[in-house]
1. Given the criterion closer than 21 Å to GLN32 by Cα, open to solvent by 30 Å² or more (accessible area, probe 1.4 Å) and modelled with pLDDT of 95 or more, identify the matching residue among LEU313, LEU329, LEU324.
2. Within the stretch 457-478, can you find the residues that are more than 11 Å from LEU431 (Cα to Cα) and touching a Pro at 6+ places or on another chain (Cβ under 7 Å)?
3. From ALA148, ALA164, which residue is at pLDDT 95 or above, out of contact with any strand residue (DSSP E or B) (no Cβ under 7 Å at 6 or more places or on another chain) and open to solvent by 20 Å² or more (accessible area, probe 1.4 Å)?
4. Which ones in the stretch 104-132 are open to solvent by less than 30 Å² (accessible area, probe 1.4 Å) and among the small types (Gly, Ala, Ser)?
5. What is the residue count in the stretch 40-65 for residues that are of a type in the set (S, T, N, Q), crowded, with 17+ Cβ neighbours inside 10 Å and over 21 Å from THR211 (Cβ atoms)?
6. Determine which member of the set THR237, THR244, THR211 is within 28 Å of ILE78 (Cβ to Cβ) and of a type in the set (Val, Ile, Thr).
7. Return the pair list, or none, for Cβ contacts closer than 7 Å from residues in the stretch 277-299 that are under 17 Å from ILE367 (Cα atoms) and aromatic (Phe, Trp, Tyr) to residues that are modelled with pLDDT of 95 or more and assigned to a loop (DSSP other than H, G, I, E, B), at least 6 apart or on different chains.
8. If the requirement is being of a type in the set (Val, Ile, Thr) and more than 24 Å from GLU257 (Cβ to Cβ), which of these qualifies: VAL399, VAL412, VAL430, VAL394?
Amino acid sequence: MTISFTNLDTTQRTHGVFAEVDPQYVSGSQLQRTLILGPMLSSGTATANEPFLATGASDVDAACGVSSVPALMYRQYIGQDSSGTVYILPQTEDPTAQAAAGSLLVAGTTTAAGTIALYVAGVKIQIGLSSGTTSTDVATAMAAKINATANLPVTATAQNGTVALTSLNKGMTGNEIDIRLNYLGVAGGEQTPSGITITIAAMAGGATNPTDNLATGLTNLSDMSFDFIVSPYTDSTSLGLLQTLLNDTDGRWSWNEMLYGGYFCAYRGTAGALTTFGNGRDEFTGSCLGFYDSPSPAWLWAADYAGASAVSLRADPGVPLQELILNVLAPPIASRFSRSIRNTLLYDGISTFTISASGQVVIDRAITFWQTDPSGAADITWLNVETPYSLTYVIRDIVAFLKANYGRKKLVADGTNIPGGSNMVTSQTVLAAAVGRYKILCDNGYAQDYDTFKANAAAENKGNGVVALLLPFHLVDQLRMIAIKVNFISGVAS
């Protein structure tokens, strides 16, 4: 037997008993960071287009600006994922960007005391009024209460009975700020005080996302890995930048980067608009949750969706994301999608949700944008969000195991008789180790079908110190449906 040492010098002549520690490494837990994108305000102190570690809501407020889109997204995200490692990548706004604007026009005079239940970006604002309050005073009170409410992405001014709202951030994200009255309805104790009417003009006019700055920021990520990227942007240019960042040719899913990751977004629209949006994309690295008529902005849906998903995927990427509860406001009953429409959306690259009996938003099915293979044929290889994250886990585990155990070995020809304890390996030695590690992954529920894997895995010594491995992973599936066929016999006698 030949026993090799890495550092211990057996030729040195001093006497003693010496021990070299040579641990048999096993893979530890994988660090999976989150990255939240978003436009910062001019009051923010962060360096634009450079990622920074988020260490608390107040720090993100200071860095990006109080009530900025990334600051509000961060708050929403940590409501789901309080222990994750979160970075923020803030962008300065495009110099040509326009802020979104909306208004509330008040008419009449209250004839009885009451309370206005106003919702701005999903935040409930209550304005108590006495009888005889004029429209001008109502508007003044509303504007004051809006400006005094924390974590609102708007400012308000009142004049002649009209409340004018302007988004703090410029760009298209401001168009997502929903304004509505009496979300809970009369049954929930919400109705406009008698004698006045309030007419809402929805937020609109926000234009020009900071795509140039986003491109710079994504480049500045360098080789830091981010498994969960949260995007407030859904314009084709911004999502195209994320698709390029994550592509498997020369991006983060390529052989030479192996950083992996995926992005999460949300899109507000009718079933038709969502179908059009989903069919306009076709990548496995992005996932979009579609909804219609919720008081919560799409970028808060995106943050919540990503946060809930990240917690589950970090714990076990093979467990389905279905049934996870989201902390966003559900659309009114009339605006919810039927099972038939949800099924259609799931064939068009859009993830879906249901509403529980208690009114909570619950993930129905989480899918990626992937719909066709490179030839254009319908394909389900990358359909489920769990698939790329399961594959990432298995790849990282195998790679870490092989690097730890074969990082400094001498490669010899297959068939060489290697004495025990030697520092020499063959391609078949490496293959046997990989097969053994795959068995552990199967035992732990990250992969399956060990016997088939073992029969089909192969290794080849390519020369020049290169070992090529063929590893046919078979990932675990997710239980999606239990189909029951009920046979019965009537109790009525013939």
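The values are calculated or read from the model by the stated rules, or taken from the named source; none is laboratory data. Everything quoted here is computed from the prediction, not taken from an experiment. Please note: Cβ atoms are built from the backbone with ideal geometry, for glycine as well, and neighbour counts cover all protein chains shown. Each accessible area value is taken on the protein alone, full model and side chains, heavy atoms only, with ligands, DNA and RNA left out. Shrake-Rupley method; radii C 1.70, N 1.55, O 1.52, S 1.80 Å.
1. Numbers: LEU313 fails: open to solvent by 30 Å² or more (accessible area, probe 1.4 Å); LEU329 fails: closer than 21 Å to GLN32 by Cα.
Within the list LEU313, LEU329, LEU324, the selection yields LEU324.
2. Selection gives GLN478 alone.
3. Working: ALA164 fails: out of contact with any strand residue (DSSP E or B) (no Cβ under 7 Å at 6 or more places or on another chain).
Exactly one residue qualifies, and that residue is ALA148.
4. Of the residues in the stretch 104-132, the ones open to solvent by less than 30 Å² (accessible area, probe 1.4 Å) are 104, 106, 110, 114, 116-122, 125, 127, 129.
The answer is GLY114, ALA117, ALA121, GLY122.
5. Residues of the stretch 40-65 of a type in the set (S, T, N, Q): 42-43, 45, 47, 49, 55, 58.
From what is left, the residues that are crowded, with 17+ Cβ neighbours inside 10 Å are 49.
Adding the requirement that they be over 21 Å from THR211 (Cβ atoms) leaves none.
Matching residues across the stretch 40-65 total 0.
6. On the way: THR237 fails: within 28 Å of ILE78 (Cβ to Cβ); THR244 fails: within 28 Å of ILE78 (Cβ to Cβ).
THR211 is the lone residue from the list that is within 28 Å of ILE78 (Cβ to Cβ) and of a type in the set (Val, Ile, Thr).
7. Note: pairs meeting the criteria are PHE277/GLY269; PHE284/THR368; PHE284/TRP370; PHE284/TRP382; PHE291/PRO331.
8. Just a single option satisfies the conditions, and that option is VAL412.
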